[in-house]
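The values are calculated or read from the model by the stated rules, or taken from the named source; none is laboratory data. All figures in this text were calculated on a predicted structure; none of them were measured in a lab. Neighbour counts run over all protein chains shown; Cβ positions are idealised from the backbone, glycine included. Please note that ligands, DNA and RNA were not included when accessible areas were found on the heavy atoms of the full protein model with its side chains. Shrake-Rupley method; radii C 1.70, N 1.55, O 1.52, S 1.80 Å.
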Amino acid sequence: MDLKNKIAIVTGAGSGIGKSIAKTFAKAGATVVIAEINEENGRNTAMEMKEEGYPSMYLNTDVSSSASVQSMIEQTNDQFGRLDILVNNAGLEYFTTIEETTEEQWSKTMDVNLKGVFLGIKHAIPMMKKQGQGSIINIASVAGLSAWPGLGVYSAAKGGVVQLTKAAAVENGKYGIRVNSISPGAIRTPLLEEQYIGSTNDPAALEAELLKRNPLKRFGMPDDIAEAALYLAGERSQFVNGHSLVVDGGLTSFVGELI
Ligand SMILES: NC(=O)c1ccc[n+]([C@@H]2O[C@H](COP(=O)([O-])OP(=O)(O)OC[C@H]3O[C@@H](n4cnc5c(N)ncnc54)[C@H](O)[C@@H]3O)[C@@H](O)[C@H]2O)c1
């Protein structure tokens with residue numbers, strides 16, 4: 001029960017990685033706020049957790065809206081009186097070259113994937129400062145560390161998340177607040193299957209190529225990321241701050257077959 005009596009918010013917890021983080025935190029003893037723009041999925045996650053015996057609350061949240069993120073923090077304060085952990089996980093991607101990316105796609109990607117993280121940090125800090133402690137975990141991507149053709153704008157946003165994490169860590173360490181990011185590799189979720197692999201001309205070929213390039217010869221699962229988030233959220237990582245934890249099965253360490 002690493003997170004006993006902790007209050008956590010997980011954004012984008014209606015699906016994939018966020019849902020797995022929410023359930024993993026709950027099993028570790030936390031009460032989890034499911035902050036999600038997709039009302040049906042968000043409510044389903046909260047309901048499943050309640051049925052499994054874990055306390056949770058759903059809040060309809062758009063991470064790209066300052067008013068919505070502020071309300072997410074205020075409602076958590078009203079309900080529980082504190083906020084120990086914030087996971088800025090909500091995200092989306094468009095698989096398209098920089099040349100073909102529209103300005104609308106650029107803005108949407110930046111608003112959700114980068115501004116959403118900024119707003120989460122900005123509005124959580126005052127409450128965590130008052131408490132003298134807090135852990136913020138931002139979900140970046142291996143695409144924020146290396147470049148992938150067709151993911152240029154997503155890469156730019158996620159690279160921004162890695163850097164914003166470091167900046168927030170150095171500004172707020174003195175208040176007892178730690179800020180870290182996780183850079184997942186290819187994880188089996190609707191985002192990977194629909195927004196990335198599924199949007200290419202030859203999904204089977206891309207899937208085979210991704211598997212070939214992974215030293216562990218498998219895709220990651222949402223629980224692989226949730227375990228890393230659990231480590232960063234709790235007491236076991238007390239001296240870890242500003243770190244970007246790569247959880248990719250070795251994908252970004254692999255430069256290609258030589259023999
Ligand atoms: N799946 C992967 O391979 C992979 C790899 C690297 C990084 N990531 C990152 O992990 C995070 C989670 O992705 P996932 O794969 O679980 O995707 P997913 O699509 O399964 O889940 C993302 C969730 O975010 C929610 N969301 C989108 N816009 C939102 C908004 N404006 N406000 C609130 N919620 C919003 C969606 O409704 C969805 O429930 C994302 O930040 C993604 O970029 C995923």
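How big is Rg to Rh over the range 92-212, alpha-carbon atoms, Rh as the Kirkwood inverse-mean-distance radius?
My calculation puts Rg/Rh at 1.05.
Please report, in whole Å, how far the alpha carbons of the range 63-117 spread along each principal axis, starting with the longest.
48, 19, 10
Which distance in Å, rounded to a whole number, links the C-alpha centroids of the range 34-88 and the range 197-231?
What the calculation gives is 27 Å, centre to centre.
Counting only heavy atoms of the protein chains, get the accessible area per residue of the chain (1.4 Å probe) and round it to a whole Å² value.
Per-residue accessible area for the chain comes out at 47 Å².
Can you give the FRET efficiency for residue 216 and residue 175, using 1/(1 + (r/R0)^6), R0 = 35 Å, r = Cβ-Cβ distance, to the nearest 0.05?
It comes to 0.40.
Once you have the Cα-Cα distance between residue 227 and residue 52, take 0.36 nm times their residue separation minus that, and quote the gain in nm to one decimal.
Length difference between fully extended and current span is 61.1 nm.
Sort 191-203, 23-35, 226-238 by the packing proxy (mean of other Cβ within 10 Å over each peptide's residues), most packed first.
23-35, 226-238, 191-203
In debye to the nearest 20, how big a dipole does the chain give about its Cα centre with +1 on each Lys and Arg Cβ and -1 on each Asp and Glu Cβ?
I would put it at about 1140 debye.
What percent does the relative contact order of the chain come to when contacts are Cα pairs within less than 8 Å and at least six residues apart?
Rounded, it is 20 percent for the chain.
Let me check I have the definition right: for the range 20-158, take the eigenvalues of the Cα gyration tensor, multiply each by 5, take square roots. What are those semi-axes in whole Å, largest first?
That gives 29, 17, 14 Å for the three semi-axes.
Out of the total accessible area of the range 1-143 (probe 1.4 Å, heavy atoms of protein only), what percent is carbon and sulfur?
On the range 1-143, the fraction of accessible area on carbon and sulfur atoms equals 47 percent.
For the chain, divide the Cα radius of gyration by the Kirkwood radius and give the resulting Rg/Rh value with two decimals.
Radius of gyration relative to Kirkwood radius: 0.96.
Take the solvent-accessible surface of the protein heavy atoms, probe 1.4 Å, and return the percent of it on the range 211-259 that carbon and sulfur atoms account for.
Whole-percent figure for carbon plus sulfur exposure: 59.
Expected output is a single nm value to one decimal: the length gained when fully extending between residue 193 and residue 66, i.e. 0.36 nm times separation in residues minus the C-alpha distance. What is it?
42.8 nm
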